[in-house]
Amino acid sequence: MSILNETYTLANGIEIPKLGLGTWFIDDALAAQAVRDAIEIGYRNIDTAQAYGNEHGVGEGVRTSGVARGDLFVSTKLAAEIKDYDAAVAAIDGSLATLGLDYIDLMLIHSPQPWDDFRGGDYADGNRAAWRALEEAYRAGKLRSIGVSNFREADLANIAEGAGVVPHVNQVLAHVGNTPSELIAHCAEQGILVEAYSPIAHGAMLKNPEVAALADTYGVSVPQLCIRYTLQLGTVSLPKTANPDHMRSNAQVDFEISAADMATLEGMKAADYGDYSAFPVFAGK
Ligand SMILES: NC(=O)c1ccc[n+]([C@@H]2O[C@H](COP(=O)([O-])OP(=O)(O)OC[C@H]3O[C@@H](n4cnc5c(N)ncnc54)[C@H](OP(=O)(O)O)[C@@H]3O)[C@@H](O)[C@H]2O)c1
């Protein structure tokens, strides 16, 4: 069976495909074709965000893919800067309108802090307010599941206060060279599925000779090894590409990394994102 047909089950019983397509940096004008290509290849899980500026194109790709809406899993994210209830309610409806969809399969709070203050000040009240808006949209059937992104244990504990729904998902930076093992274990204990974003380290792993040498021993590419690694951690893997050849090869991960090699990869510390280090998510805070 192809990884494209494999799913995890969220705490509320909703199935989520294990491999998804990341769409950060896919221009809105190109996103519809990228999404159609991915769906044609067999992808059923598409990840976007308000901040990516491509919800319109992603939604168009979903709607014109020829695959039934119910067979697709579409995620988006509430902008990190939105930390009040009314703005969150409006933004959730905004995503539905921009995507042109009747419902969203998963919506996440993009970050516990606005990007210009990432890992900075206290947004506890704002996150609880945003969470309340997500919970209400979930209960109204606009969102089939809800979650968070870039949340650490304290951020999770904060929204648990007074919340009716435990986040179904926490989407975090997780790749060979940067594995948040304790957070992944904590989420597993809470019944929160972890999604690994930037599984190829935003492309940085392509230049890593140690990882390339290990990939060679399995007869696979660096992206295939990196994607397989995140899947064996028990996370959803979200590699980004608009290139159909890369989409195809990224889904060919039908091999098993040995326990010893998993331990080696988990122990690696390699998180130099080059020109992209300035992005808050890669700033290492
Ligand atoms: N929640 C958050 O805060 C957050 C933050 C970052 C990312 N994300 C999500 O995670 C997704 C993935 O992360 P990412 O975009 O940072 O990076 P990534 O998926 O780790 O790496 C993407 C890079 O790898 C290249 N690539 C992919 N497959 C390849 C292949 N088979 N051969 C050669 N090169 C390949 C891509 O180039 P080509 O395009 O040329 O294939 C691109 O340069 C994002 O798109 C987004 O959906 C979420």
Go over the candidates 194, 220 one by one and state the one that is within 14 Å of the ligand (Cβ to nearest atom), among the β-branched types (Val, Ile, Thr), out of contact with any helix residue (DSSP H, G or I) (no Cβ under 6 Å at 6 or more places or on another chain) and more than 14 Å from residue 262 (Cβ to Cβ). 220
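Looking at the stretch 142-198, which of the residues that are assigned to a loop (DSSP other than H, G, I, E, B) and small (Gly, Ala, Ser) is surrounded by the most Cβ atoms within 10 Å (Cβ to Cβ)?
Residue satisfying both the conditions and the ranking: 198.
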Only one of (1) away from the ligand (no atom under 13 Å from the Cβ); (2) in contact with an Asp or Glu (Cβ under 9 Å, 6 or more places away or on another chain) does not apply to residue 120, and that is (2)
Residue ID - nearest to residue 202 (Cα to Cα), chosen from residues in the stretch 16-45 that are more than 9 Å from the ligand (Cβ to nearest atom) and under 13 Å from the mean Cα position of the chain (by Cα): 19
Hits in the stretch 45-81 (condition: within 25 Å of residue 281 (Cβ to Cβ) and surrounded by fewer than 17 Cβ atoms within 10 Å (Cβ to Cβ)): 53
Just give me the residues in the stretch 256-285 being of a type in the set (Gly, Ala, Ser), surrounded by 13 or more Cβ atoms within 10 Å (Cβ to Cβ) and more than 20 Å from the chain's Cα centre (by Cα), in sequence order. 270
Does residue 240 satisfy the criteria of being basic (Lys, Arg) and surrounded by fewer than 21 Cβ atoms within 10 Å (Cβ to Cβ)? no
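Read-outs throughout are calculated quantities, based only on the coordinates presented, and are distinct from any laboratory measurement. Values in this document were obtained by computation on a predicted structure and should not be read as measured data. Neighbour counts run over all protein chains shown; Cβ positions are idealised from the backbone, glycine included.
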